[in-house]
1. For labels at residue 397 and residue 194 in the simple 7 Å Cα→Cβ model, what's the distance in nm?
2. Taking every Cα atom in the chain, find the radius of gyration and the maximum pairwise distance Dmax, and write them in Å.
3. Which whole-number value in Å³ per residue fits the convex hull of the alpha carbons of the range 408-522?
4. Could you give the length gained on full extension between residue 524 and residue 213, defined as 0.36 nm per residue of separation minus the Cα-Cα distance, in nm?
5. With a 10 Å radius around each residue's Cβ, average the other Cβ atoms per peptide and rank 243-253, 180-190, highest first.
6. Could you work out how far helix 12-23 tilts from the main Cα principal axis of the chain, as a 0 to 90 degree angle to the nearest 10?
7. Taking the Cα of residue 374, stepping 7 Å toward and past its beta carbon, and measuring to each backbone N in the range 273-300: which are under 20 Å?
8. Among 10-22, 404-416, 456-468, how do they line up from the highest to the lowest mean number of other beta-carbon atoms within 10 Å?
């Protein structure tokens with residue numbers, strides 16, 4: 001077997017998948033048709049979950065110059081009345097990072113690509129096209145065609161199709177996408193403000209819910225600002241993309257000499273979800289599997305979640321720590337999550353895109369009443385679901401399927417870091433220091449029998465740690481995790497490598513059962529009976 005994985009496509013999703021695969025030690029070949037990162041932005045927003053993953057990859061500080069916390073959003077109707085507010089969760093931050101960010105995509109992608117050099121198990125081939133991908137019973141094969149016409153064929157255990165919304169792999173296989181009934185033409189314009197200009201622009205992000213032309217304004221990093229304009233029925237994408245037309249649209253906010261146009265591109269904002277995310281040994285991620293309108297800044301986040309969900313499962317199978325049936329939970333978990341997030345985004349889009357004056361008036365009345373009842377508006381993070389099915393405990397107690405928090409923790413020696421930096425991307429059995437001694441002793445005993453699995457034990461409490469405390473004991477400096485455990489009435493939690501909660505409980509006897517359930521679930525069929533090349537090469 002030449003590789004454990006071949007990843008087709010080195011956009012942000014493919015790059016995250018390749019970094020996670022390298023971190024897990026998977027022998028990985030990454031392919032892309034282009035030789036360099038596209039030099040203009042496409043996505044502009046990502047959330048705390050994506051930033052946590054960037055932090056896990058060790059590039060949090062490197063990308064800091066190219067990101068900025070996302071501003072609150074106001075929905076304004078004709079006459080500039082605010083009819084809705086969407087804001088971020090307040091500190092302390094649950095995942096250790098700000099809830100949402102705007103970013104410069106070329107620089108982030110470049111950093112992700114540079115980071116791949118850290119991993120000797122990752123090979124990158126640029127300027128090549130995957131002209132044939134074949135999935136067999138025992139392996140997959142990928143044929144690369146170079147610009148010269150030279151071809152090479154490699155065998156791999158699995159292929160990850162990260163080749164975008166026009167995915168050639170998906171198209172060749174004839175796979176269908178479910179249409180969630182949203183298809184609207186928009187123009188996206190990025191500008192760079194000239195020095196000293198733009199002081200009169202909104203300080204928040206704005207959704208202009210105006211029937212004449214719905215539009216969006218986003219405060220980007222540094223001097224970058226983005227507008228998105230709905231294209232009217234009597235206009236063509238080619239017409240609205242012309243510089244003179246763009247400047248006419250922007251003239252509502254800026255004079256011509258206050259900015260330079262960086263990019264003006266037309267898109268159709270779609271809501272699509274692949275009906276089958278796997279074809280034998282081929283998995284689909286990112287835009288190859290789903291397309292989400294931009295109104296919640298979740299498009300790229302969805303793909304990054306795909307990578308985070310799948311790579312640890314592939315690594316567990318490779319390490320013979322899990323049965324290959326674990327891979328079936330990828331679609332079972334990601335498809336409902338993506339569908340729900342896309343439907344929420346679609347509903348926001350329908351609010352913004354309303355062109356009928358009578359319907360828009362009814363919308364305004366309803367949203368104004370909601371805003372009067374809740375002046376603080378909607379917390380953006382509340383719109384993103386957890387996991388409801390898949391590789392989760394049978395018990396629905398507490399925070400099962402939710403994202404596990406990440407506090408800053410301090411060890412007995414005074415070393416203070418984010419929790420992920422302490423444990424790495426493993427399963428974590430987390431026990432509250434406030435649990436009774438019997439519960440703690442029981443979990444420690446169970447943990448000692450799990451050394452064949454990638455799992456870390458964490459004892460966390462609200463007070464500083466004594467010098468003679470065990471190495472797995474930590475002080476929750478931020479109080480985030482301690483408060484969260486109390487909120488969910490649990491003292492023992494098992495978190496997965498992708499930071500979703502496998503299960504939680506309160507009592508020592510329940511802890512033993514929960515840990516045993518995890519072990520049984522990972523070995524749900526005989527490892528010796530399976531024929532899976534990624535586990536035997």
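Laboratory data are not the source of any read-out in this text; all were calculated from the coordinates shown. This one's a predicted model, so the numbers in the text were calculated from it and none came from an experiment. Please note: Cβ atoms are built from the backbone with ideal geometry, for glycine as well, and neighbour counts cover all protein chains shown.
1. Between residue 397 and residue 194, the label points sit 6.5 nm apart.
2. Every Cα atom of the chain included, Rg and Dmax give 24.3, 75 Å.
3. Hull volume normalised by residue count: 97 Å³.
4. 106.5 nm
5. Put in order of decreasing packing, that is 180-190, 243-253.
6. Rounded to the nearest ten degrees, it is 20.
7. Answer for the range 273-300: 295-298.
8. 10-22, 404-416, 456-468
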